[in-house]
Amino acid sequence: FTFDDHEPCSVSFNQIPWEDVTAVIQSPGIPFDYPEPHPITSIARNKNIPIITDINLLQHVFPDSQFVGVTGTNGKSTTVSLIGHVLKESRRLYGIGGNIGIPALSLTSLDKNHTYVLELSSFQLEISKPLNLEVAAWLNITPDHLDRHKTMQDYVAAKERIFLNARHAVIGIDDEFSLQVYHRLKENRKSVISISSIQASDIYINEGIIHDNNEPVIDLRLIEALQGSHNYQNAAVTYAVCKLLKVPVNQIRNAFCTFKGLSHRQEIVGRLKNIMFINDSKATNAEASVHAFNRFTSSAIYWIAGGALVFCLFALL
């Protein structure tokens with residue numbers, strides 16, 4: 001049986017042979033807890049039937065492949081794509097998918113020890129059974145999706161599930177919520193790598209240069225697609241993840257230099273005389289737009305925007 005949360009259901013839930021149901025595969029877009037669980041969710045819980053996602057199915061089918069999960073309020077897609085680019089340039093077999101737009105079950109089948117890199121939203125993590133990840137990466141967290149999670153504490157808790165069963169953890173610590181998560185992780189596991197551009201950490205960015213063990217390793221100032229403090233964070237997390245995947249540092253550096261960035265994310269779409277035109281339409285929350293503005297020092301910025309984001313941004317500026 002399949003059900004759509006937005007269409008009338010012609011089958012009564014009581015007609016389902018629940019004794020034969022081994023699992024419920026729930027779409028991340030269907031409410032799990034708040035504002036109220038879907039009726040199927042409630043029935044499955046009451047009957048102790050596992051609720052899973054397509055991510056869990058992918059791991060079930062390919063248990064010997066490596067899995068990398070990336071979450072965060074902002075920067076997930078860029079980081080997942082950059083990790084994939086590094087793996088490609090280092091001639092490794094990989095697949096990227098999840099919340100980035102490619103369904104997990106549409107990914108190409110990979111052999112043992114090859115790598116799936118998955119963008120994981122709070123919606124997916126809230127529902128999924130704990131994932132067996134080789135590396136779980138956390139970029140940042142700021143208020144978002146509270147219409148689904150009700151409180152920041154619930155939002156953080158959903159995101160934090162990415163670290164359950166993960167072999168290695170990589171976490172940006174430049175916001176207070178993330179720093180609290182980092183301290184919790186350090187209490188319970190050995191392999192945790194902290195990333196920062198504003199405070200002491202295992203891997204840090206200083207004046208656009210990634211430092212590892214206090215040694216400069218990659219100068220990001222020379223890479224146009226990775227400019228801005230937010231992209232410095234994305235790159236540093238990618239560096240840490242790829243290093244854990246045994247990619248040599250020189251290969252990571254070379255791959256960074258050929259990364260073109262993603263469409264709609266501070267994408268330079270043209271120049272006319274001394275005017276640069278930038279498409280940043282994927283900045284769908286105020287925090288992302290603030291990061292975009294902070295990349296540029298010029299005061300002569302013409303911003304075309306609309307929707308609720310405008311009012312949220314004015315509150316931050």
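The values are calculated or read from the model by the stated rules, or taken from the named source; none is laboratory data. Everything numeric in this text was worked out from a predicted model, so none of it was measured. Methodologically, a virtual Cβ is constructed for each residue, glycine included, from the backbone with ideal geometry; neighbour enumeration extends over all protein chains shown. Keep in mind that these areas ignore ligands, DNA and RNA; they rest on the heavy atoms of the full protein, side chains included. Shrake-Rupley method; radii C 1.70, N 1.55, O 1.52, S 1.80 Å.
Numerical summary
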| item | result |
| --- | --- |
| Residue ID - nearest to the chain's Cα centre (by Cα), chosen from residues in the stretch 203-218 that are in a loop (DSSP other than H, G, I, E, B) and either among the charged types (D, E, K, R) or within 13 Å of Asn231 (Cα to Cα) (or both) | Gly208 |
| Members of the stretch 130-156 found to be within 15 Å of Tyr182 (Cβ to Cβ) and part of a helix (DSSP H, G or I), listed by number | Val156 |
| Failed item in (1) over 14 Å from Ala240 (Cβ atoms); (2) touching a residue at least 12 places away in the same chain (Cβ under 8 Å); (3) part of a loop (DSSP other than H, G, I, E, B), with Ala200 passing the rest | (2) |
| Residue within the stretch 167-186 that is touching a strand residue (DSSP E or B) at 6+ places or on another chain (Cβ under 7 Å), modelled with pLDDT under 95 and part of a loop (DSSP other than H, G, I, E, B) present | no |
| Any hit, the stretch 100-123, residues being open to solvent by less than 50 Å² (accessible area, probe 1.4 Å), of a type in the set (A, V, I, L, M), more than 27 Å from Gln153 (Cβ to Cβ) and over 17 Å from the mean Cα position of the chain (by Cα) | yes |
| Selection count, the stretch 74-99, where residues are open to solvent by less than 30 Å² (accessible area, probe 1.4 Å) and under 19 Å from the mean Cα position of the chain (by Cα) | 16 |
| Of the criteria (1) on the phi > 0 side of the Ramachandran plot; (2) part of a helix (DSSP H, G or I), which one Val86 fails | (1) |
